[in-house]
Amino acid sequence: MSTEQNSVSDILEDNTYKFGFTTDVESETFAKGLDEDVIRAISKKKKEPAFMLDFRLKAFAKWKTMKAPKWPNVQYPPIDFQDISYYSAPKKKKVLQSLDEVDPEIMRTFEKLGIPLDEQKKLA
């Protein structure tokens, strides 16, 4: 293994996010894996019309027949598509009447991002 690959491996081992921050919010996340049931659940969550669900199911059927490309000079482990969650969204919360009701963690995130107060009111 080359020195460059070793240094990249060393960097990736320390997986802390050094260049910013994260904000933990309650979310609804589907279990890992992809099949027609997951596609139907995503479409239902998004309240999509029937034609969109049909389009997604046809695309999924086509995708299952495809093979991963073999790129020259690039080596990476095969992607396990069943080890991925395909839907995650913040949980819906009640409509807030004022910024005082917003989760303090969200308000701190707005401040870190430098979002003006008027914009915060729209986003919250």
Using Cα positions and a limit of under 20 Å, work out the lysines in reach of residue 58, with same-chain residues fewer than 8 apart set aside.
44, 45, 46, 47, 67
What GluC sites (Glu not before Pro) in the stretch 17-93 are in a loop by DSSP, with at most 11 other Cβ atoms within 10 Å of the Cβ?
26
Separation between the residue 42 and residue 108 pseudo-spin-labels, each 7 Å from Cα along Cα→Cβ, expressed in nm?
3.3
Nearby aspartates and glutamates by direct alpha-carbon distance to residue 122 (threshold 18 angstrom, same-chain neighbours under 8 apart not counted)
100, 101, 103, 105, 111
Which of the trypsin sites (Lys or Arg not before Pro) found in the stretch 76-119 are in a DSSP loop and have at most 14 neighbouring Cβ atoms, other than their own, within 10 Å?
91, 92, 93, 94
Could you calculate the contour length gain from residue 71 to residue 24, that is, 0.36 nm times the residue separation minus the distance between their Cα atoms, to one decimal place in nm?
13.2 nm
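Pulled fully out, how much extra length does the chain show between residue 61 and residue 89, if you take 0.36 nm times their separation in residues and subtract their Cα-Cα distance?
The span from residue 61 to residue 89 would gain 7.6 nm if fully extended.
None of the figures in this text is laboratory data; all of them are computed from the coordinates on show. Keep in mind it's a predicted model, so treat the numbers as computed, not measured. We place every Cβ from the backbone using ideal geometry, glycine too, and count neighbours over all the protein chains shown.
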